[in-house]
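Below: one structure, written as structure tokens.
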Amino acid sequence: MTKKRLVLNIALITAFYAAVILLGLLLKTADAQTQTSHYLVFKDLIPVMLAVPIAYLGFCFQRRSSFTFALRQLWSNMIHAVSLATIYTQKQTRTEDDYYKCLLALSKVIDEVRGVYTNIGESHKHLGSYPFESLKTIYDIVQKLPPSAQDEKEWAVAAQNILNNWKVIRKTFLSEFDRSAPTIYDALEPPPPDRSTAA
């Protein structure tokens, strides 16, 4: 379950509880004025009305926990695959073994994404769009550069393009995690106030 969906569910359940409280107040006021017993019936139903949303909320947090675990595993595999691509383009000597290992890692992680995310706009009638096209772009960059390629300028451009695409993936992907700022900054000098977080 994505962070956006979890927040939406929590908001809906909170609104439901607010509506239950308001309804209870209205029924109690109405019973006092009309000498009816609607509030007593409502009071008997309160345990059910409270239990069902709480159970669903527990289900939501369980789904979120499972999703976050899968996401972190995918993130680790994605780092490994892109690192192989970066190293492959920056090495002085490259072998076919390096080439195919890199393509295999990228291919695997591209399909792993499909196990965590659905395609954007996916339905029974429409395939939708792959959510991380930059990852496919990195695969294409590597695929077009077998070890036999001799133009070092082309290799340098490829390495930079991989880095640029990785920055796009990283920014999009990490927004789904629940991250906190560290309490201690581990560096010899404090960061400048306007330091870019994209680097």
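Here is how the numbers come out for the structure above:
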item	result
Vicinal HN-Hα couplings computed from phi for the range 81-90 (Karplus, 6.51 cos²θ - 1.76 cosθ + 1.60; Hz; Gly/Pro x)	5, 5, 4, 4, 5, 5, 4, 4, 6, 9
Residues 82, 48, sorted so that the one with the fewest Cβ neighbours within 10 Å comes first	48, 82
Leading residue at positive end of dipole, the chain (Cβ point charges), from 150, 30, 71	30
Straight-distance crosslink candidates among lysines, where the alpha carbon sits under 29 Å from residue 43 and sequence neighbours closer than 8 are dropped	28
For the range 129-165 versus the range 77-124, the gap between their alpha-carbon centres in whole angstrom	11 Å
Positive minus negative residues near residue 178 (Lys, Arg vs Asp, Glu; Cβ under 12 Å)	+3
CD proxy at 222 nm, helix term only [per DSSP H run n ≥ 4: -39500 (n - 2.57); per residue of the chain; nearest 500]	-25000 deg cm²/dmol
Degrees, to the nearest 10: 3-34 long Cα axis against longest axis of the chain	10 degrees
Taking 12, 135 and counting other C-beta atoms within 10 Å, the order from fewest to most	12, 135
Neighbour-count order for 23, 6, 188, fewest beta carbons within 10 angstrom listed first	188, 23, 6
Computed over the range 44-125, the ratio Rg/Rh where both radii use C-alpha atoms and Rh is Kirkwood	1.30
Three principal axis lengths of the range 3-174 [C-alpha, angstrom, descending]	92, 29, 22
Charge dipole of the range 3-174 about the Cα centre (unit charges at C-beta), most positive-ward option of 160, 61, 172	61
Most mobile listed residue (89, 34, 172) in the chain, GNM with C-alpha springs under 10 Å	34
Residue of 88, 17, 139 that the Gaussian network model of the chain assigns the largest fluctuation, springs spanning Cα pairs under 10 Å	17
Table column - 3J(HN,Hα) (Hz), the range 94-104, Karplus curve with 6.51, -1.76, 1.60, x for Gly and Pro	10, 10, 5, 4, 4, 4, 6, 5, 5, 5, 5
Cross-link reach list, lysines versus residue 3, counting only Cα pairs under 23 Å and skipping chain neighbours closer than eight places	167, 171
Derived scalar couplings ³J(HN,Hα) [the range 38-47; Karplus, 6.51 cos²θ - 1.76 cosθ + 1.60; whole Hz; x for Gly, Pro]	4, 5, 5, 5, 4, 4, 5, 8, 4, x
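Quick note: the coordinates plus some simple rules give every number you see, no bench work behind them. Note that the structure is a prediction, hence the values are computed from the model and not measured. Virtual Cβ from ideal backbone geometry, glycine too; neighbours counted across all protein chains shown.
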